[in-house]
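Engineer: One structure coming up, written as structure tokens, with questions to follow.
We did not get these values from a lab; they are worked out from the coordinates using the rules stated. All of these numbers come straight from a predicted model, not from anything done at the bench. Note: ideal-geometry Cβ built from the backbone for every residue, glycine included; neighbour counts use all protein chains shown.
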Amino acid sequence: MSEQETYTYSFKENDEREVEKYVGIEAFASSKIGGIGGVYKKNLKDFIVKEIDNNRKTLDIKEDYKTHPFSEELKDQYTTFNLIKVNRDTFEALRQISNDLKIPSNLINYSGLKDKRSISVQKISIKGDYIEKLKRLNLKGIFIRNIYPTKKPVKLGNHWGNNFTVLLRSVENIKNLRSKINKSINFLNTFGFPNYFGLQRFGIYRPNSHIVGRCLLEGDFKNAFEEFVSTTYSTESLASNTVRKEFRTTRNLEKAYENFPKSLHYERNMIHYLIKHPDDYEGSINSLPSNLKTLLISAFQSYIFNRMLSARVQKGFPLFKPVNGDVIGIMDDYNGNLTQVKYNYGDFYDNYLKETLKLNRAAIIIPIIGSKTNLDEFPLMKLIFEEITKQVKIDKHIFSSKMPTTQKFKGSIRAMTAKPTALKLLELIDDDLNPGKKMVKLEFSLQKGSYATMLIREFIK
């Protein structure tokens, strides 16, 4: 990446659709059905996320069964519990727990990340017996419930998905509103929506994780530092914008370390490292937790995926029907997860593949590009990817970087569309916070990896 002339980005309207476009999200599934408008996540209780385990059990925020002590006979090794968090991202909550328990963060295991601006419940485990210490834990916005010993830990990705209860507020009281909502519900339950990586993947207020990730892959640590620390976005808070802009102007590391709020602890750590080790930008970046650096590079992969999905739609190809050059992935019998079994569409198996798609036992897939991705296996997406590399001016072999972390990014596949389970309208009532407007309460479940916000945008538009 070439040296940037300025580290600032302003959206014209600071509108969510604008920010989505910035990270490659452009298409709608139900474009022929008008939107109802409205806002979500106005209050924390307006967005509730409950993890669903692989046995299809949905965790309950209030469940808190009696705790049993560790048993040598049962070979208990881990303390497992329900983590309820309010307006905390998963990493932040786990960091606070590890600090309070005075244990390394790598002893804590989780299955998936949950939305920050929400009330959420998820399963967590810690290696060792921490039952009594967890009972005494007292952290703001963090609650521990249903503590029990287990032989095995919670593992990353070891859940089926998430259940969501979402309130859309400030919806205009238009004619036939209920009918319009039900039309969208029927469409989404039948067909689904584009399986984009949502804004949470990139940063809702500073949507630049993919830019930092690109810099890391290109070995451009100075620009990675600048993007992470000093670039300003018109969508971020005034306080955050101000301290970043001042640092960008003065380049005074000591003053920046003093001025940056403690909530920006990653930035403070990076600045502190540079104070001790001038111009060692690589070392500054490496002061970030390894799981965060992994997420940053993953965000760049997600950005490329989003761009490919949008480009496919913009070229006039249908979202829900395969065309020659597409690849169809087969799903497993038990949880409906994608397997590694895939077929090219436009060959001998087309009739079989059409039937399998109708039965929801297969999906049109797009590669998540990595170092081991063989694009020759994805004829249509190979052409689209090559166009995108020219547009964003990246080397198409960028994921073959020599960085040690890139060994984790061999590439994978992802369904092009996602379908909710049991999407339904729970309530359509007057909005208590906005007189004259309506409030829409929806409930649905999604498999892991799919974003509730990408479904919600189909209603709002």
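Engineer: In Å and on Cα atoms, what radius of gyration and Dmax does the range 416-461 show?
Structural biologist: Calculated on Cα positions, Rg and Dmax stand at 12.7, 39 Å.
Engineer: Could you tell me the calculated FRET efficiency between SER71 and LEU101, based on Cβ-Cβ distance and R0 = 22 angstrom, to the nearest 0.05?
Structural biologist: So, using R0 = 22 Å, E works out to roughly 0.55.
Engineer: Then there's this: Kindly write out, for the range 371-379 in residue order, the coupling ³J(HN,Hα) from the Karplus curve 6.51 cos²θ - 1.76 cosθ + 1.60 (θ = phi - 60°), rounded to whole Hz, with x marking Gly and Pro.
Structural biologist: Each residue of the range 371-379 in turn: 5, 9, 5, 9, 5, 5, 7, 10, x Hz.
Engineer: Explain nothing, just the number: relative contact order of the chain, from Cα pairs under 8 Å at least 6 residues apart, as a whole percent. Mind showing how you got there, number by number?
Structural biologist: Working: 850 pairs, mean separation 96.8, N = 461.
Computed over the chain, the figure is 21 percent.
Engineer: Can you pull the percent of Cα pairs in the chain with separation above 32 Å?
Structural biologist: Details: 47614 of 106030 pairs.
Here the long-distance tail beyond 32 Å is 45 percent of all Cα pairs in the chain.
Engineer: Using each residue's phi in the range 295-302, evaluate 6.51 cos²θ - 1.76 cosθ + 1.60 at θ = phi - 60° and report the 3J(HN,Hα) Karplus result to the nearest Hz, with x for Gly and Pro.
Structural biologist: Rounded to whole hertz, the list is 5, 5, 5, 4, 5, 5, 4, 5.
Engineer: Could you pull out every residue, at least 5 positions away or on a different chain, whose amide H is within less than 5 Å of the one on THR232? Hs are placed 1.01 Å off N in the peptide plane, and Pro or chain starts have none.
Structural biologist: HN-HN under 5 Å from THR232: THR8, TYR9.
Engineer: For the range 153-193, what class follows from the C-alpha gyration tensor (a ≥ b ≥ c being the square roots of its eigenvalues): rounded when a/c is under 1.5, otherwise prolate if a/b is larger than b/c, else oblate? Mind dumping the intermediate values first?
Structural biologist: Details: a/c = 5.51, a/b = 2.18, b/c = 2.53.
Oblate is the answer for the range 153-193, as a/c is 1.5 or above yet b/c matches or exceeds a/b.
Engineer: Rounded, prolate or oblate: which one fits the range 149-237, using the alpha carbon gyration tensor with axes a ≥ b ≥ c (rounded when a/c is under 1.5, else prolate when a/b beats b/c, else oblate)?
Structural biologist: Values: a/c = 2.61, a/b = 1.44, b/c = 1.81.
Judged from the Cα gyration tensor, the range 149-237 comes out oblate (a/c at least 1.5, b/c at or above a/b).
Engineer: Within 10 Å, count the other beta carbons around each residue, average over each peptide in 110-122, 308-320, 94-106, and list them highest first. Walk me through the numbers on the way to the answer.
Structural biologist: Values: 110-122: 21.6, 308-320: 16.7, 94-106: 14.8.
Ranked by mean Cβ neighbours within 10 Å, highest first: 110-122, 308-320, 94-106.
Engineer: With respect to the cross-link table entries LYS114/LYS410; LYS321/LYS382; LYS315/LYS354; LYS41/LYS448; LYS390/LYS448; LYS222/LYS315, which display a Cα-Cα separation exceeding 28 Å?
Structural biologist: Numbers: LYS114/LYS410 24 Å; LYS321/LYS382 19 Å; LYS315/LYS354 22 Å; LYS41/LYS448 20 Å; LYS390/LYS448 32 Å; LYS222/LYS315 37 Å.
Table pairs above 28 Å Cα-Cα are LYS390/LYS448; LYS222/LYS315.
Engineer: With contacts defined as alpha carbon pairs under 8 Å and 6 or more residues apart, what's the relative contact order of the range 320-415 in percent?
Structural biologist: On the way: 134 pairs, mean separation 29.5, N = 96.
This gives 31 percent for the range 320-415.
Engineer: Karplus couplings for the range 424-436 from phi (6.51 cos²θ - 1.76 cosθ + 1.60, θ = phi - 60°), rounded to Hz, Gly and Pro as x?
Structural biologist: So the Karplus estimates, Gly and Pro as x, are 8, 8, 8, 8, 9, 9, 5, 7, 5, 9, 9, x, x Hz.
Engineer: Between SER179, THR231, GLN122, whose Cα lies farthest towards the positive end of the dipole of the chain when Lys and Arg beta carbons carry +1 and Asp and Glu beta carbons carry -1, centred on the Cα centre?
Structural biologist: Highest projection toward the positive end goes to SER179.
Engineer: For every helix of n ≥ 4 consecutive DSSP H residues, a contribution of -39,500 (n - 2.57) applies; sum these over the chain, divide by its total residues, and give [θ] at 222 nm rounded to the nearest 500 deg cm²/dmol. Intermediate results must be reported in sequence, preceding the final value.
Structural biologist: Details: 14 runs with 150 residues, N = 461.
Mean residue ellipticity, 222 nm, calculated: -10000 deg cm²/dmol.
Engineer: Under a point-charge model restricted to the Cβ atoms of Lys and Arg (+1) and Asp and Glu (-1), what is the dipole moment magnitude of the range 292-426 relative to its Cα centre, in debye to the nearest 20?
Structural biologist: 500
Engineer: Once Rh for the range 15-165 is found with the Kirkwood sum over Cα pairs, what is the Stokes-Einstein diffusion coefficient at 4 °C and 1.567 mPa s, in µm²/s?
Structural biologist: Result for D is 76 µm²/s.
Engineer: As an exercise, take the mean of 1/r over every pair of distinct alpha carbons in the range 190-270, invert it, and state the Kirkwood radius in angstroms.
Structural biologist: On the way: mean 1/r = 0.0717 Å⁻¹.
Computed over Cα pairs of the range 190-270, the Kirkwood hydrodynamic radius comes out at 14.0 Å.
Engineer: So what's the range 202-323 giving for Cα Rg divided by 2.2 N^0.38 Å, two decimals?
Structural biologist: Working: Rg = 17.1 Å, N = 122, 2.2 N^0.38 = 13.7 Å.
Dividing the Cα radius of gyration by 2.2 N^0.38 Å gives 1.25.
Engineer: Same structure, new question: Quick check for me: using +1 on Lys/Arg Cβ and -1 on Asp/Glu Cβ, what's the dipole size of the chain about its Cα centre, in debye to the nearest 20?
Structural biologist: Working: 73 positive and 53 negative charges, 187 e Å.
Charge dipole of the chain: 900 debye, to the nearest 20.
Engineer: Explain nothing, just the number: dipole magnitude of the range 257-330 about its Cα centre with +1 on each Lys and Arg Cβ and -1 on each Asp and Glu Cβ, in debye rounded to the nearest 20.
Structural biologist: Values: 8 positive and 6 negative charges, 91 e Å.
Here the range 257-330 has a charge dipole of around 440 debye.
Engineer: Per q in 0.15 Å⁻¹, report the Debye log10 I(q)/I(0) for the range 320-415, using one uniform scatterer on each alpha carbon and no solvent.
Structural biologist: Treating every Cα as an identical point scatterer, log10 I(q)/I(0) equals -0.65.
Engineer: Between LEU433 and LYS393, what is 0.36 nm times their sequence separation minus the Cα-Cα distance? Round to one decimal in nm.
Structural biologist: Numbers: separation 40, 0.36 × 40 = 14.40 nm, distance 4.66 nm.
Full extension of this stretch gives 9.7 nm more.
Engineer: Highest mean first, what order results for 260-266, 226-232 on Cβ atoms within 10 Å? All intermediate terms of the calculation are to be shown ahead of the outcome.
Structural biologist: On the way: 260-266: 14.0, 226-232: 21.6.
Sorting 260-266, 226-232 by mean packing, highest first, produces 226-232, 260-266.
Engineer: Let me ask something else. Kindly rank 245-258, 366-379 from highest to lowest mean number of other beta carbons found within 10 Å of each residue.
Structural biologist: Working: 245-258: 14.6, 366-379: 17.1.
Result, highest mean Cβ count within 10 Å first: 366-379, 245-258.
Engineer: Follow-up question, since we're still on this one. Just want to confirm a number: the relative contact order over the range 57-159, from Cα pairs under 8 angstrom separated by 6+ residues, in percent.
Structural biologist: On the way: 200 pairs, mean separation 46.1, N = 103.
45 percent.
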